[in-house]
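> First, the structure itself, so that you have it in front of you.
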Amino acid sequence: MIVLTTVPAEKKEEKKTTSVAEFLKGVVKKYVCGYQARKEEKTKKTLKQAFVASSFAERRDETELFGEAIDNIMKTSTGRETMTALSKLGYSFHFDSGMDCGGYCLPGKKKVVVNSTCGFGFMLETIVHEGTHAIQKSLEKENAPDYCDMKAADMIRCRRAIEADACAHQMAFVYECKDVLPAVYNSARERGNPMFAAYVGEMEKSGDGKKAMQASFAAWYEYDHYIDGYDKNYKKHIRNWSEWGKKNNCDLCFMQDYPAKDVLKMCRYNGSVYMKPEFLNKGKAFSITEKDRQEIHDTIRRYAGAFGIRADSSILTMNGRTPDGKVVSENKSVNAAVVAKAGRGGR
C-alpha cells in the first residue's frame with residue numbers, strides 16, 4: 001500500500017457532513033450545453049456509479065458526499081480532464097475515515113481510496129491526485145517491471161517522478177479553483193507547500209500552463225518533508241522485497257532497468273511529456289542521504305548473497321544529500337553516462 005498524500009494536521013478534525021454546505025457558499029456556477037454537457041454528465045454518472053460505500057449504514061451519506069465531490073471537481077478544466085480520463089479506466093472508489101493520510105491508489109486492484117474526514121476541499125484535491133496516479137498507470141510502458149524488480153535507483157527515481165507529477169496536476173486543479181472554488185485555493189495557500197507556490201508563481205509570471213507544471217514538478221524535489229518521508233517508505237519496501245525474495249527463493253528482485261525516458265511517458269500535460277529525462281538523472285532529483293544509501297546497499301547485498309548473485313549497485317550512482325536537503329556530492333562520472341543513455345534506455 002502506497003500512501004500518496006499527507007493530510008494537514010489542522011484538517012484531521014473536520015467532519016465530512018458539516019463542512020460541505022459552508023464550503024459551497026459563494027461558489028460561482030458555470031453552465032455548459034449540448035454535446036459537452038452530455039459528455040460531462042456521462043463522466044459524472046460513471047464515476048458516481050463506481051463508488052462503493054464503507055457500510056450499508058453509511059451508504060446514503062457517503063454516496064451523496066462523493067457525488068458532491070465529483071460535481072465540484074468537474075467545475076475546473078484540470079478536474080474535468082482528469083475525471084474524464086479516470087472514468088474510462090474502470091476504477092472503484094472508496095472512503096476510509098481511519099487513515100492518517102489523504103488517500104491512495106491501488107492500480108493492481110483498480111481502486112482509489114479517499115479519507116472522507118480530511119475536509120471537503122482537501123478531499124477534492126486528493127481525488128484529483130490519486131486519479132492522476134491511475135491515469136499514469138494506464139500510460140505505463142507495456143511489460144514495465146514491477147517496483148520490486150527494478151534496480152533500486154530506478155525504482156526510487158520512478159516513484160518520486162510519479163509523485164511529483166500527481167502533485168503538479170493537483171496544483172493545476174487548485175489554481176483553477178481560485179474563482180470557482182475559492183475555499184480549495186485558499187486552503188492550499190495556507191498550507192504553503194513549494195509545489196503550490198511554484199505553480200502559482202509561474203502562472204502569475206508567464207500564464208504558461210506547461211511552464212507552471214514544470215515548475216511545480218521540480219519544486220516537489222525541494223520539499224524535504226515529502227522527499228524524506230517517501231525515501232523512508234522506499235527503504236521499507238526494499239527490506240520487505242528482500243525478505244520476501246529470500247523466503248520464497250526468488251532471485252529476480254532489483255534486476256531490471258527502468259530509464260527516465262520511460263518513467264516520463266507516464267507524466268503528461270495536455271497529452272505530451274513535459275519534463276526532460278535529464279532532470280530526473282541529476283542534482284537533488286537523483287540524490288539520497290548517505291545513511292539511506294548505505295542501508296539500501298547493505299540490504300540488497302545481503303539479498304544477493306543469499307543466492308550467490310551479483311548485487312544491484314545502482315544506489316551507489318545517486319548523488320549524496322545531507323539530512324537538511326543539500327546535495328554535497330555529485331556523482332559526475334556516473335551521471336554523465338546515465339544522462340547520455342537516458343534517451344536510449346540504457347545504463
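> Could you identify which residue out of 57, 306, 164 has the top mean-square fluctuation in a GNM of the chain using Cα springs shorter than 10 Å?
Result for the chain, Cα springs under 10 Å: 57 fluctuates most.
> Let me ask something else about it. About the Cα centre of the chain, how large is the charge dipole given +1 on each Lys and Arg Cβ and -1 on each Asp and Glu Cβ? Please answer in debye to the nearest 20. The partial results should precede the final answer.
Details: 56 positive and 46 negative charges, 179 e Å.
Computed about the Cα centre, the dipole is about 860 debye.
> Right, here's the next one. Per residue of the chain, what 222 nm ellipticity follows from adding -39500 (n - 2.57) for every DSSP H run with n ≥ 4, rounded to the nearest 500? Please list the in-between numbers first.
On the way: 14 runs with 191 residues, N = 347.
Rounded to the nearest 500, it is -17500 deg cm²/dmol.
> Structure shown: which of 88/109; 88/211; 151/232; 48/110 lie over 20 Å apart, alpha-carbon to alpha-carbon? Working shown, then result.
Details: 88/109 15 Å; 88/211 28 Å; 151/232 17 Å; 48/110 15 Å.
Among 88/109; 88/211; 151/232; 48/110, the Cα-Cα distance tops 20 Å for 88/211.
> So how do 167, 250 line up by other beta-carbon neighbours within 10 Å, fewest first? Before the final figure, lay out each step's value.
Working: 167 27, 250 14.
The most exposed by this proxy come first: 250, 167.
> Which value does Rg/Rh take for the chain over its C-alpha atoms, Rh per Kirkwood?
Working: Rg = 20.8 Å, Rh = 21.2 Å.
Radius of gyration relative to Kirkwood radius: 0.98.
> Would you calculate the separation in nanometres between label points at residue 251 and residue 225, each defined as 7 Å from the Cα along the Cα-to-beta-carbon direction?
4.6
> Follow-up question, since we're still on this one. What ranking, highest mean first, results for peptides 125-134, 264-273 when packing means the other Cβ atoms within 10 Å averaged over each residue? Write down the numbers at each step before the final one.
Working: 125-134: 26.1, 264-273: 15.4.
Ranked by mean Cβ neighbours within 10 Å, highest first: 125-134, 264-273.
> Please report the net charge: other residues with Cβ closer than 13 Å to the Cβ of residue 193, K and R +1, D and E -1.
Working: positive: 189, 191; negative: 125, 163, 190, 222, 224.
Once positives and negatives cancel, what remains is -3.
> Based on the Cβ-Cβ distance of residue 294 and residue 58, what FRET efficiency does E = 1/(1 + (r/R0)^6) give at R0 = 35 Å, to the nearest 0.05? Please report the intermediate quantities before stating the final value.
On the way: r = 47 Å, r/R0 = 1.34.
In this case the efficiency is close to 0.15.
> Something else about it: Within 15 Å, Cβ to Cβ, of residue 298, how many net charges do the neighbouring residues add up to if Lys/Arg are +1 and Asp/Glu are -1?
Values: positive: 235, 236, 239, 246, 291, 293, 301, 302; negative: 243, 290, 292, 295, 312.
Net local charge, residue 298 excluded: +3.
> Let me ask you something else. Could you please rank 124, 89, 106, 280, placing first whichever residue has the fewest other Cβ atoms within 10 Å of its Cβ? Can you show the working numbers first?
Details: 124 28, 89 15, 106 18, 280 25.
Fewest to most other Cβ atoms nearby, the residues stand as 89, 106, 280, 124.
> Right, next: Along Cα→Cβ, 7 Å out, is where each label goes; now give me the distance between the ones at residue 190 and residue 330 in nm to one decimal.
4.1
> Can you give the % of DSSP beta bridges in the chain that are antiparallel, to the nearest 5?
Working: 10 of 20 bridges.
Looking only at bridges with both residues in the chain, the antiparallel portion is about 50 percent.
Taken together, the values in this text are just the output of simple stated rules run on the coordinates, not laboratory data. Keep in mind it's a predicted model, so treat the numbers as computed, not measured. Cβ coordinates were reconstructed from backbone atoms using ideal geometry, including for glycine residues, and neighbour counts include every protein chain displayed.
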